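**Q** I am attaching a structure below and will ask some questions about it afterwards.
The values are calculated or read from the model by the stated rules, or taken from the named source; none is laboratory data. In this text, all values refer to a predicted model and were calculated from it rather than measured experimentally. When we count neighbours, we look across all protein chains shown, and the Cβ atoms used for this are built from the backbone with ideal geometry, even at glycine.
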Amino acid sequence: MQIDLTLSFTENQWICYDETIEIKGYSLDELDSKLANHFKSKFKEGTIEVSMFFDFDRFPAWHRQYMSHYFNRSLTFNLNT
């Protein structure tokens, strides 16, 4: 299953969302862990590929020296383990 989400940064938190979910974390590791827990509770098995596309209207000032495409992310969650 493929899921596309928007990735943003505001109020010192990373936020990943679409029309149905909004998950926040103070680090990308925390965000990834919360995403894994969310999908494990929603789906019992299978593989979920998550693509996160950064919302550049909320690009943090401390990252402005980096290329914008560095913040698009892809994760794969194997729910069978």
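**Q** Those residues that are charged (D, E, K, R) and either assigned to a helix (DSSP H, G or I) or at pLDDT 75 or above (or both), I need them from the stretch 46-81; list them, please. Before the answer, list the steps.
**A** Within the stretch 46-81, the first condition is being charged (D, E, K, R), and the residues that meet it are 49, 55, 57-58, 64, 73.
Result: 49, 55, 57, 58, 73.
**Q** Within the stretch 14-27, track down each residue that is of a type in the set (A, V, I, L, M) and surrounded by fewer than 15 Cβ atoms within 10 Å (Cβ to Cβ). Please lay out each step first, then the result.
**A** First, pick out the residues of the stretch 14-27 that are of a type in the set (A, V, I, L, M): 15, 21, 23.
21 - this is the single residue of the stretch 14-27 that is of a type in the set (A, V, I, L, M) and surrounded by fewer than 15 Cβ atoms within 10 Å (Cβ to Cβ).
**Q** Can you tell which of 34, 24 is in a helix (DSSP H, G or I) and at pLDDT 90 or above?
**A** Details: 24 fails: in a helix (DSSP H, G or I).
34 is the lone residue from the list that is in a helix (DSSP H, G or I) and at pLDDT 90 or above.
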